[in-house]
Structures are given as C-alpha cells and as structure tokens.
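Beneath this line is the structure, given in structure tokens, with notes to follow.
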Amino acid sequence: MSQPTDEQTRRRTLFWLVATAIVLLLGIGLRYPWPADEPRFAQVAREMVESGQWLFPTRGGEPYPDKPPVFMWLAALTFVVTGQIKIAFLLPSALAAFGTVLLVHDIGRRLWNREVALAAVLVLVLTPQFLLQGKTGQIDALLCFWITLGCYGLLRHFFTGPHWGWYFTACAGMGVGIITKGVGFLPLLMLLPLGLWVKNPSAGQTGAVVWRWKLVAGLLVMLAVIALWLGPMLWQVHSIGTDTMVAYRNDLLFRQTGERFVNAWHHVKPWHYFFTQAIPTVWFPLVVLLLVFFKPLVALLRDDRRARVLMVWVGMVLLFFSLSSGKREVYMLPALPMLALVVGVLWTRVRESVAAARTGLFFQGFLVLLALVITGLGVVLRVSPEKLLRKAPDYAELIATLATPLMAMGLALLVVVVLVRRRDLLERLALATITVWVFVALMVWPRVDPHRTPQEMMEQVEQKLPPTSELALLYFKEQFLLFSHRPLTHFSYLAPLEEQERNAWVWMHEAPNRFLLVPTDAELACFDVNKAVSLGEAHRREWVLFGAESMRASCEPPKKIRRYVYRPDPRGVLP
C-alpha cells in the first residue's frame, strides 16, 4: 500500500472531521432526556432559566448539591437560545466531544504528523464510549474536553514551546474542569512523566527552557478560575445562613468529593474493574489493537518520549480512579483522547505489517457477522416476533417497533463493510461505527423515546385530577417534573423515604383535594395501597395515585417539616 500524499491526508481529515461533527449532532431534538442522569441535568438547567437563580442549582426547588454547576449553566444557556429542552440537554455534550476531536487532531499534527493526527481521530470515532458520551446529556463529555484542553496546553508548552500562553490556558481549563466535575485537575499528573523525560538544556547547550518557577503561577490561574464560582457561592451561603444552604455547601464540597472518593456509597466495584470489565467492553476494539500490537507498543514507548509521557499519564489516571471503591465506565473517558494519540502513532508504524493485515481480516469478518446478526434480529422481529417477545414481555411493545430499523441498520452496515473492505482498518471500523450511529440516532432512539419517559402517565394524571387540585410526589425521579403541567410538591429528594412519607401525610392532612403520586414498590406505613388508583407503568415501575381516602387515620410525625414546590413555567413544559 502506497503512502498517502499530504494533500490526500488533508482531504481525508476534512471528511472525517465533518462526518464526526454530523454524527454528533444527528438526532438532537428527536428525543427527550432519559434516566438516570439526563432528566436531572435538564430539569436543573430549566429551573435556572425559570427562576433566574444560576448560582445555586435546584431540583424541584430544592438545592442540588451533587455536582458543580458548569454543565447545567451551558445547558441553561442553550435553553435560553433555543427554547427547546430537547436541544439544550444534548448540544453541550456534542460540542464538547467535537472540541476534544479538534484538540486531539491538532496536537497529534504538531507532535508527530498529519497521518498520526488522523489516526488518533479515527481511534476516538471507532471507540464506542466516545461517541456515546458525546450523544448523551451527561457531564462526562464536557469534563473530557476540559481535561483534554489541559493536556493539550501542557504538551504544547513542554514539547513545542516554551508556550506560556498555552500553559496558562491549560491551567484555566483545569480550573473550569474542577467546577464541572471535581477531577479537572487530572492533567497535573502529567507533570510527573514530563519531569522525568523533558529536561531544560544543560549549561552551554541550546534549547527551550520549559521548566521555570513561572510554572507555579499556573496554579494561581487555576485557583482564580475556581474562585470565580466558589467565592460568590461561599459568600451567599454565609449571607443566607440557613441550614439548607449550609448543608448544600458541605455536601457539594466535602461529601460529593473526598468522602465519595474514599468511601463511595454507589457503583461499588472491585479494584480491577476498569481493566477486567470496563476497558474490554466500552473501549473495544481499541483493546484488541493494543493486545495484538503489544510488542510494537513497547518498542514505541521505549523510543518515543512523547508517547511514553502520554501512556504513563493514561495509566496514572486509570490507577487514580481504581483507588476509589466507586467506579463507573464514564470515569475512564478523560484518559481516552491521550490514549488515542498513542494508538495513532502505533498504527502508523504497524499498518503495513503482516499482523495488521491479519487483524484487518479478523475485523472484516467480525463486522460482516455483526451486520448479519443485526439484520437477522430484525427479520425475526418482523416474521416471528413472538419468539423474542416471550423472553422480554415487559418490552414487547417497544421490541415490536424495532424490526424495520434493525433490518435497515444491518443491511446498511453490510453494504458499507463490503464497499470499504480495501480501506485502512481504522477507517473501516470508524465507518462501521458511524453507520450504526446514524440509524440509532434517527430510527432507534425516536422509537425508544416514548418508553423512556413518563409523558403518557403524566397526561393520565392531568385527566384524572381536577384543575384546582394539588399534586405531590413521593420517591420520584426528575423526569416527572419535566412533564408536569401543574405545580408539584415534594418532600426533599435527599430525605429518607419514611421521612418523605410522613411529610406527605401531614401535607395531605392540611387541606382537601390533594393527591400523591407514588410507585407501588415504596413500602408505606401511612397510606393504604389497596385504596390507590393505578396509573400503569413508567420506567418498569407501577405508579398509583393516593387521595384522601388512602390516608390512614394516623401517622408518625416527621422529624422535620420539609416541602418544596416546583411551579413549571408553561412555556417550558414539555409537550
């Protein structure tokens, strides 16, 4: 295979940058936020716009202490501009993911060459986790962008510099990353391998002086960026002085950071989780390439200090998150862009080898098999759906709608795989990935959408309740707030269920014509489930409506009266 000319690489790069941008934007506006995280961030952003309170995020009127506000700010700004939650909750992630692609391409071109830069972009595109996070309304794609910006600035300074402007930009990016999701400081770990393998010139030698005391000023820049949010927040908490605001401050700054890292209460996994479970799945087929070309990888790391710095940093990030008992696949995402650069360099070295040709044949067969399986699944759903519906009766209605999308996706994937069989392996894998995402975004997700939201159930509530009645929620999720057409009362999302129930009983006892929306799996002592009105299922749970007749004669009083009322702006209610 002849080496591509510089002009050919430019054209291929332009194609892939445009294709990646299109795929990231494709499907925005075609679905609502889905649990678990998307409705929460979308609702917080909507409340910022409706209430005008941007410093303290709220969820149903209650302060939301789980995350700093930057992602919600961007979603809220998008909501202001577009007026559409279906656009606002997804657009920040898509733009952040594309920004990450641009940063990876540019630093790959500057540190190596255009071929390496293009290969790194292809690695990002073909790795399932990257486009998935870029197409979901979660914080992690934005966090990945800030951390990649931090790495980019450090690499520009230490390998192509000195570039003090980029160094300070990196520190500012880390500051914004910290007030996005706490761990935005991770690029600082790169200073350790940089200190080992990037030196100032010795006396009498010429070269760039990149290590100076001026580096310390970067920490001041990072702290200054953090202080732009932290200072006003702390001042307002002190000025208001309520128990609620003090609890918000302590929860956000201590419980959700240090305590959560040291003693996680969610997503508890073994120390090896990332290496034995997460990486083999969400970074497939990248992990296969690393295993097949392990010896060339070792040689690359021995010969190229730039790749060595990046690989050590990736390992340090994975080790950092492995130290915490709480682990999720998305925690690994910030390490992926720098690993993509290493794999990009590796691929340009080995793509002409016999091992690369054999690996290409393996993946060609894998993609053909995948296309046939997807097509066959669609055919079974069309011809004999009962065979699959019996195994998943809860999803029968949804599964029955997916026959056409699956057949179309499988056939399109098969055609693409055959047509591009002589192309570079990374391009084949990336084209296959993009093909799948086109059908998922345009055909699959819109069909799944009605089954991932409580829209129909909330419409039933409106039909059953008089316009003047009041409604409260118990053991609820944020998506109910998104679809409500009337004010909703709740009794602190953060309170234990029994405290919420006792407060709900007091609230209903105070006035007539009040109702309570509750899932049947909630074990209640103050209400009689047998006297509730069923509203059907939403999110695999049955929901019922309690009226005054469902209340028991007495209920243990709550330790503290807590209630929050969310009054949706009619202009922001989802149709």
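The values are calculated or read from the model by the stated rules, or taken from the named source; none is laboratory data. Note that this is a predicted model, so its numbers are computed, not measured. No Cβ is skipped: glycine too gets one built from the backbone with ideal geometry, and neighbour counts run over all protein chains shown. Accessible surface is based on the protein model in full, side chains and every heavy atom, while ligands, DNA and RNA are left aside. Shrake-Rupley method; radii C 1.70, N 1.55, O 1.52, S 1.80 Å.
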Checklist entry - In the range 525-553, which residues are touching a residue at least 40 places away in the same chain (Cβ under 8 Å) and either crowded, with 18+ Cβ neighbours inside 10 Å or in contact with a Pro (Cβ under 9 Å, 6 or more places away or on another chain) (or both)? => result Leu535, Ala538, His539, Trp543, Leu545, Ala548, Met551
Item to check | Filtered residues of the range 534-563 (kept if more than 16 Å from Leu473 (Cβ to Cβ), more than 33 Å from the chain's Cα centre (by Cα) and not in a loop (DSSP other than H, G, I, E, B)) | outcome: Ser534, Ala548, Glu549, Met551
Checklist entry - Regarding Ala400, is this residue surrounded by fewer than 19 Cβ atoms within 10 Å (Cβ to Cβ) and more than 25 Å from His157 (Cα to Cα)? => result yes
Item to check | Which listed residue is surrounded by fewer than 20 Cβ atoms within 10 Å (Cβ to Cβ), touching a helix residue (DSSP H, G or I) at 6+ places or on another chain (Cβ under 9 Å) and more than 30 Å from Gln53 (Cβ to Cβ), from Leu234, Leu191 | outcome: Leu191
Next on the checklist: Scan the range 447-455 and tell me whether some residue there is at pLDDT 90 or above and of a type in the set (A, V, I, L, M, F, W, C).
Outcome noted: yes
Checklist outcome for this item: Residue hits (the range 361-397; surrounded by fewer than 16 Cβ atoms within 10 Å (Cβ to Cβ), under 29 Å from the mean Cα position of the chain (by Cα) and at pLDDT below 95) are Ala392, Asp394, Tyr395, Ala396, Glu397
Checklist outcome for this item: Of the residues in the range 279-326, those that are open to solvent by less than 30 Å² (accessible area, probe 1.4 Å), of a type in the set (Ser, Thr, Tyr) and under 21 Å from Phe130 (Cα atoms) come to Ser322
Checklist outcome for this item: For the range 252-267 the number of residues that are buried (at least 16 other Cβ atoms within 10 Å of the Cβ) and among the aromatic types (Phe, Trp, Tyr) is 1
